[in-house]
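Read the structure below first, then the notes.
Just so it is clear, none of the values below were taken in a lab; they were calculated from the coordinates. Here the structure is a predicted model, which is why all the values come from computation and not from measurement. Ideal geometry is used to build each Cβ from the backbone, glycine not excepted, and the neighbour counts take in all protein chains shown.
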Amino acid sequence: MSTQKISSNVTLTTLLNIKQRGEKFACLTAYDACFASILCEAGVEVLLVGDSLGMVLQGHDSTLPVTMNDMIYHMQCVKRGNRGALLMADLPFMSYASESQTLENAAALMRAGANIVKLEGGAWIANTTRLLAERGIPVCAHMGLTPQSVNRIGGFHVQGRDPEQAQSIVEEAQLLQEAGASVLLLECVPKILAKTVTEGLQIPVIGIGAGPDTTAQIMVLHDVLGVSPITPKFVKNFLVDSKNGIPGAIESYVKAVKERTFPAEEHCFD
Ligand code: KIV
């Protein structure tokens, strides 16, 4: 299977069809127009304007300082460079604490160009997910390591290693699908748990540090290009071996995801 440019706009139906065919799709974070267009040219199906921008662009030590204005600005930039990818945007920390705030902020991201919004949490975001989905705003539920809860979790640690927590993740993922989530994102969980969750759901599951069995992979752009200050176990620098600079690195990432050579064993948690 070779990488290919996106020939028509990627929609949620495209992602669902990829899952149903047993194939994989590739996602990356993007924060500006130039990179958005390079990523599309390389065949990345989903661009996430992630609140990771607080760490990789702004230099904070967590995603908590990111504001709605930051998210709207970067979403607008990415939208201008987009060439057919599905655009996902994070609702940042404390921007979905009440119903009216959630609706207002999700609508602002959609008006800025998002096709789907992502929010972090388990069972407690089920009502929020339903609220948005019923009003035509698709939701990606982000579970496992949820960086906006870093202070409660006590650091950026793998989640779901103990059997009770693993069982909750399986059950709450089902609940979120039933509440209307269109996509699930699983961050930093044991690969066997990600496999169980993915096989139990109809919706596509995007993984980061979640092993090879999810429907899709996502990485922070700066990690793929080796410019992040820290390199967690699940990260691979695709630029080091690229013969065509940044476009070549992104093409290699897309190819590796689709051909299932990334993530390899050394990038996975048990
Ligand atoms: O904000 C972000 O970039 C993310 C990814 C790490 C999945 O949520």
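Summary of computed values
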{"quantity": "Among 202, 151, 15 the positive-end extreme of the charge dipole of the chain (Cβ point charges)", "calculated": "15"}
{"quantity": "For the range 207-270: rounded, prolate or oblate by the Cα gyration tensor [a/c cutoff 1.5]", "calculated": "oblate"}
{"quantity": "Rounded if a/c under 1.5, otherwise prolate or oblate - the range 1-109, Cα gyration tensor axes", "calculated": "prolate"}
{"quantity": "Selected from 204, 92, 232 as most flexible by GNM, with the chain as the system and alpha-carbon contacts under 10 Å", "calculated": "232"}
{"quantity": "Within a Gaussian network of the chain (alpha carbon springs, distance under 10 Å), most fluctuating of 102, 231, 146", "calculated": "231"}
{"quantity": "Alpha carbon centroid spacing (whole Å) that separates the range 209-227 from the range 232-270", "calculated": "8 Å"}
{"quantity": "Rounded if a/c under 1.5, otherwise prolate or oblate - the chain, Cα gyration tensor axes", "calculated": "rounded"}
{"quantity": "Cα centroid separation - the range 22-65 against the range 66-99, whole Å", "calculated": "11 Å"}
{"quantity": "Hz values of 3J(HN,Hα) by residue in the range 235-242 - Karplus curve (6.51, -1.76, 1.60), Gly and Pro given as x", "calculated": "8, 10, 7, 8, 7, 4, 9, 6"}
{"quantity": "Inter-site label distance for residue 41 and residue 64 at 7 Å from Cα along Cβ, in nm", "calculated": "4.0 nm"}
